[in-house]
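Presented below is the structure to which this report refers.
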Amino acid sequence: MVARGGMARFWSLESLHMGTTAADGGTESSALVDDNGSEEDYSYEELCQATPRYLQPGGEQLAINELISDGSIVYAEALWDHVTMDDQELGFKAGDVIRVLEASNKDWWWGRNEDKEAWFPASFVRLRVNQEELPENCNSIQDEEQDADISKHRQKIAENKDQMRTNVIQEIMNTERVYIKHLKDICEGYIRQCRKHTGMFTTAQLSTIFGNIEDIYKFQRKFLKDLEKQYNKEEPHLSEIGSCFLQHQEGFAIYSEYCNNHPSACIELSKLMKQGKYRHFFEACRLLQQMIDIAIDGFLLTPVQKICKYPLQLAELLKYTTQEHSDYNNIKAAYEAMKNVACLINERKRRLESIDKIARWQVSIVDWEGPDVLARSSELIHSGELTKISKQGKSQQRTFFLFDHQLVFCKKDLLRRDILYYKDRIDMDEMELVDTEDGRDKDFNINVKNAFKIINRATEEVHLFCAKKQEDKKRWMEACESERRRVREDKEMGMEISENQKKQAMQNARKSRHGKIKGVSYNGCPVPPLHQSLHPIHQRHITVPTSIPQQQVFALAEPKRKPSLFWHTFNKLTPFKK
């Protein structure tokens, strides 16, 4: 550890590499594109020889173990939200920083965040390129030594920032080159072979499985070509790559189509892989192309991983780019641009996860009537108990669920309070929210407290609701305003869930309800077996989960909206198994 008041100690994953190291500390790497933007025919082994070891399969785990055993502190950043209902797993949101404490298992690592220590899936995080220990308290320097020491400290920081910027630049370049190789392998190793076997694959099947990945491949080749032009091999920290991201920012929108299609691709691929001939075919394709030992679904996940990694890479690059650097403004603008691209994609992916939960909630409601919730809605906005008052003055205690476009209300079972019966719904598109003062209401001719109204603009029908507390009323009114705002935003950015995706969500929920899907958690991920919650160094035998959550329901980057907190209410009120 750094002594109080001492100089900063820096190290990076780039220091753990294989291959030739240049005199300036940079790593020599062969470009994958020529002047015309086409790839040179490099094998993966040749590429790895010029690539830092931690970027190679299994290299990151090896690098972490070396660093941890050396007494270094290792931090990782979350690429996606990890939603878990298991107390023995670590939950986190995209962008959260996790300290990695144990990485002996390649799939599940042991780590700590602000809340607790637990297991988490290794594929959900990105290891920071630069790992540093900063002085705990610079103010502890004695007055008589202050000027000299601070001057030295600033000089040291400046020198280290150049090296750290070099590390991040090189990671961006290396990961782009490896990514291009993966895309090439998918297009040439899988798609080209599949098209030759018309008896095994229809055009529709191939479109579903691979989406627009060929368009992504073409786009990324042009992007890498421009990156290579801006890369300064002699002095990497002087590279000016921000303009490349800004120049191509509109082109990154093609990832939205791919990410939206990815869940359907996983479903279609899963169906095919149940048959031995398809398993053998895809493995033969991999071997023929001399691809690394990753299954096809792992390769098809790489574009999803890539688009959410850009904002994190640029954020780290911006951290080590001084305001005086010629690339500072472009990097700052590129970070915001790529964050916005990832946010839109993330919102759409988050909605896909949301409709699965809504479908499971609906099938748990007794005596459901009318269209499915998903026919019009894709997000839960608020839920809770309210008293609904009729024109005759009759009070009814109900549990309400506010979705986009509609408000559904249910009645609790008298004995089993965890069971809900469907009662009715209100179309929010025709409604106007009205605050109601405490006292006698002229419309209903009764005394009310903590009340508000929803009035149908067309029919002038009035719905009166009373909350238990003033704070509850305030939350409900804010939620109703939020519902209208979200509907407008969805329309503006073209947020739509396909009918096929809604239908699939309801089918999965009904199958799960009838016990046909076993070993599946609430969000559709395989349930890992029970494992001890003790830190591995305190265990005689380490037991870790044996399966990784399905990755088609990830939130990809910093969410545009905070995830709803009300699913916990769902879980308490309407368990999927009564």
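The values are calculated or read from the model by the stated rules, or taken from the named source; none is laboratory data. Remember, it's a predicted structure, so these values are computed and weren't measured experimentally. Positions of Cβ are backbone-derived with ideal geometry, glycine not excepted, and every protein chain shown enters the neighbour counts. For the accessible areas, the whole protein counts, side chains as well, though only heavy atoms, and no ligand, DNA or RNA atoms are used. Shrake-Rupley method; radii C 1.70, N 1.55, O 1.52, S 1.80 Å.
Structural remarks
- For the range 164-355, relative contact order (Cα pairs under 8 Å, six or more residues apart, normalised by length) works out to 31 percent.
- Solvent exposure, largest accessible area first (probe 1.4 Å, DNA, RNA and ligands not counted), of Lys412, Lys473: Lys412, Lys473
- The distance separating the Cα centre of the range 358-381 from that of the range 409-464 comes to 19 Å.
- Under a 5 Å amide H cut-off, with hydrogens placed 1.01 Å from N, Glu379 pairs with Asp404 among residues at least 5 apart or on other chains.
- Across the range 288-293, coupling constants 3J(HN,Hα) worked out from phi with the 6.51/-1.76/1.60 Karplus curve, θ = phi - 60°, read 4, 7, 6, 8, 5, 7 Hz, and Gly and Pro carry x.
- Ordering 291-299, 212-220 by mean Cβ neighbour count within 10 Å, with the highest value first, yields 212-220, 291-299.
- Backbone amide hydrogens, once placed in the peptide plane, bring Trp109 within less than 5 Å of Phe120, Ala122, excluding anything fewer than 5 places away on its chain.
- Residues Trp368 and Glu460, FRET efficiency given R0 of 35 Å [Cβ-Cβ distance, rounded to 0.05]: 0.75
- Using θ = phi - 60° and Karplus 6.51 cos²θ - 1.76 cosθ + 1.60, couplings along the range 487-492 (whole Hz; Gly, Pro as x): 4, 5, 5, 4, 5, 5
- Computed over the range 319-470, relative contact order equals 15 percent, with contacts defined as Cα pairs under 8 Å that lie 6+ residues apart.
- Per-residue SASA entry for Arg416, accessible area with 1.4 Å probe, Å² rounded to 10: 100 Å²
- Residue-level accessible surface for Asp435, protein heavy atoms, 1.4 Å, Å²: 100 Å²
- Shown in residue order for the range 233-240 are the 3J(HN,Hα) couplings computed by the Karplus curve 6.51 cos²θ - 1.76 cosθ + 1.60 at θ = phi - 60°: 5, 6, 10, x, 5, 8, 4, 10 Hz (x for Gly and Pro).
- Near the amide H of Val74, within less than 5 Å, lie the amide hydrogens of Val100, all on another chain or at least 5 residues away, with H placed in the peptide plane.
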